Amino acid sequence: MQRGDFYVLLAMLIYFIIVLTIGFIYTKRSNSSTREYFLGGRKVGPWFTALSAEASDMSGWLLMGLPGVAYFTGASDAMWTAIGLAIGTYLNWKLVARRLRKYSVVAGDAITLPQFYSNRFHDTKNRVATVAALIILVFFCIYVGSCFVTVGKLFNTLFGLDYRTMMVLGAIIVFLYTLVGGYLSVVATDFVQACLMFFAILVVLIGTVVSAGGVDATAAFLQTIPGFLSPTQLSTPLDATGTAVAVSGLEQAVVDGVPQFGAASPYGTVVIISGLAWGLGYFGMPHVLVRFMGIRSVAEVKQSRIIAVVWCFISLTCAVLIGLVGRAYIPTMFASQSTAENIFIVLSHMILPSFVCGVVVCGIFAASMSSSSSYLLVSSSSVAENIFHGVLKRDASERQIMIVARLTLIAVFLFGIFIAMDENSSIFRIVSYAWAGLGASFGPLTLLSLYWKNANDKGALAGMVAGAVTVLVWHNLIAPLGGVWAIYELLPAFILSLVVNVIVSKATGGASDAVKAEFQAFIDSPDDAEERSLDGVLEETKDAVDDHSGELPVA
């Protein structure tokens, strides 16, 4: 082992010890009840809520997937996607966070997103929660796989170690601290990881610009690549035959030390809309929405929103710029988009002292850990609480629920490893698929649950299924037709899910009087409702609807 590699590994070892220690610190408290394990007892402050939401959201995609896209095809694709995500982040915090925090308490003190949906519609048979849990399980398995791909690429690129071996090792570390610590350990480590990611991305961007000769020299080089810096054009890497790499599937050619590009292709309105459509996904991301449910107070949502939006905007901007500047600094190193996703790792290794490099690349591992741990936890809580406890064994003890949750963790962990076995997988493409599935299934449902009193359980079921199926069909059968049909599947699936939910809700009689009464009680409840005794809040809500339905169901 080289001396430099030793210091990189030392920094990473210290980091591993810290995050695992945090997990064990929260073991006793997290295992005291399912409410603590799945939601932290709704006692998480604004800083931890904001940064854990953003860290779990961005994953290794921020430090690898997005810079890789910018490096390989230029600014347009990465830029419009980043803009869509920044807008979506703001709107999600603005439109959803405060209402979901309040309504999840009013709706039977729901501790998981599927449970909130069922309680919201008084679905005593838990059909809504069951379908929601199954959708979460399917798409989060894919998401977990993308995080494990990040881990494998990280160690393979840094040290030349076997991709699969290191991917499995990293996955085991994530699994262990999620297993023992629950929600609180995930949130606490996410806070540390968000700070580390922020530091890493700033250091690498500044260091690369300086190493590349400054802003003017970097811009001058990039302007020689057709369409590379244009927001309305896409650069076209060419293979050795002069064919676009996107068509041939071969690697980009290099002639006399110069990467080969053809004429830029137009980046049209449909593709721009596709990039912006990424923002719609936020309304349906369970790992982000559960942070809203767990914040300590509705009054602290505004502070969290400011923190989250500022972190998100700066981080996304830096990620895109790292990919662009990286092309100027090492223009010929990566010949495909999949390999280009290693640009952040390679730059860190080239421009930073070994120990600092170790700290910085921990940001990539941090991003992957924060997201995959959230996906594992949300998947396990959905299956244990909403399928096992809600449908299969309603009298299950908390110990039995926790056992099922941990068995689910193991299952999702193993499936994620299976997906990540292909080292040529593109993190960007894997994430885009799972993001669309979750966003289309739950985004419209979340908005209608919080803003439309006439929504019902039948509309919720139809809308979720329509969203998930449309994503699968559009991605695999319609998008390949090209042209206008190549639009990102999230947009048509989101719209169809919303329309189906509304039509089916109206066609089946809308919400019951009891559901409407509870919705009105939620609207009328003060923002400080959760500051009072939870039992008192639930009792007041029950009194508001007693004339219509008797007791509220608690799934």
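The values are calculated or read from the model by the stated rules, or taken from the named source; none is laboratory data. No experiment lies behind these values; they were computed from the predicted model shown. All Cβ positions, even for glycine, are placed from backbone atoms using ideal geometry, and neighbour counts span all protein chains on display. Ligands, DNA and RNA are stripped out before the accessible areas are found, and what is left, the full protein with its side chains, is counted by its heavy atoms. Shrake-Rupley method; radii C 1.70, N 1.55, O 1.52, S 1.80 Å.
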Q. Which residues' amide hydrogens lie under 5 Å from the amide hydrogen of Val44, considering only partners 5 or more residues apart or on another chain, with H built in the peptide plane?
A. Arg296
Q: Report the accessible area of Asp239, computed with a 1.4 Å probe over the heavy atoms of all protein chains in place, in Å² rounded to the nearest 10.
A: 10
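List the GluC sites (Glu not before Pro) in segment 384-454 that DSSP assigns to loop (not H, G, I, E or B) and whose Cβ has at most 15 other Cβ atoms within 10 Å. Which are they? Don't skip to the answer; put the middle values down first.
Numbers: sites: Glu385, Glu398, Glu423; in loops: Glu423.
Passing sites in segment 384-454 are Glu423.
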(Q) Along the Cα→Cβ direction, 7 angstrom out, place labels at Phe6 and Val255. What is the inter-label distance in nm? (A) 4.7
Q) To the nearest 10 square angstrom, how much accessible area does Phe313 have with a 1.4 angstrom probe? A) 130
Q: Rank these residues by their accessible area, most exposed first, probe 1.4 Å: Ile419, Ile18.
A: Ile18, Ile419
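With the full set of protein chains in place, find how many percent of the accessible area of the chain is carbon and sulfur; take the probe as 1.4 Å. Walk me through the numbers on the way to the answer.
Details: 13200 of 20020 Å².
Ligands and nucleic acids excluded, carbon and sulfur give 66 percent.
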Q. So who's got an amide H within less than 5 Å of the one on Phe261, skipping anything under 5 residues away but keeping other chains? H placed 1.01 Å off N, in plane.
A. Leu238
Q | Per residue accessible area in Å² of the chain, where ligands, DNA and RNA are left out and the probe is 1.4 Å | A | 36
Q) Quick one: if you stick a label point 7 Å off each Cα along the C-beta vector at Asp422 and Val484, how many nm between them? A) 3.1
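Once R0 is set to 30 Å, what does the formula 1/(1 + (r/R0)^6) return for the Cβ-Cβ distance between Cys195 and Leu477, expressed as a FRET efficiency to the nearest 0.05?
On the way: r = 43 Å, r/R0 = 1.43.
Once rounded, the FRET efficiency stands at 0.10.
List the trypsin sites (Lys or Arg not before Pro) in segment 121-163 that DSSP assigns to loop (not H, G, I, E or B) and whose Cβ has at most 14 other Cβ atoms within 10 Å. Which are they?
Numbers: sites: Lys125, Arg127, Lys153; in loops: Lys125.
Answer by residue number: Lys125.
Using only the heavy atoms of the protein chains and a 1.4 Å probe, how would Glu518, Glu251, Glu300 rank by accessible area, largest first?
Values: Glu518 0, Glu251 120, Glu300 35 Å².
I get Glu251, Glu300, Glu518, largest accessible area first.
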Q.
With just the Cα atoms defining each centre, how far is segment 71-89 from segment 90-139? Give it in Å.
A. 29
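How would Leu414, Leu376 line up by accessible area, probe 1.4 Å, largest first? Please list the in-between numbers first.
Values: Leu414 100, Leu376 0 Å².
From most accessible down to least: Leu414, Leu376.
Okay, helix-only estimate at 222 nm for the chain: each DSSP H run of n ≥ 4 adds -39500 (n - 2.57), divide by all residues, round to 500 deg cm²/dmol; what do you get? Kindly include the intermediate steps, with their values, before the conclusion.
Details: 24 runs with 383 residues, N = 555.
-23000 deg cm²/dmol, from helical runs alone.
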(Q) On a 19 Å Cα-Cα criterion, which of the cross-link pairs Lys125/Lys506; Lys43/Lys516; Lys102/Lys453; Lys94/Lys302; Lys458/Lys516; Lys458/Lys506 come out too long? (A) Lys125/Lys506; Lys43/Lys516
(Q) Let me check the size of segment 280-345 from its C-alpha atoms; what are the radius of gyration and Dmax in Å? (A) 17.4, 51
Q. With the calculation restricted to Cα positions, what are the radius of gyration and Dmax of the chain in angstrom?
A. 23.4, 82
**Q.** Residue-span extension gain [Ser397 to Ala411] - 0.36 nm each, minus C-alpha spacing
**A.** 2.9 nm
Q: Using a 1.4 Å probe and ignoring any ligands, DNA or RNA, find the accessible area of His122 and quote it in Å² to the nearest 10.
A: 40
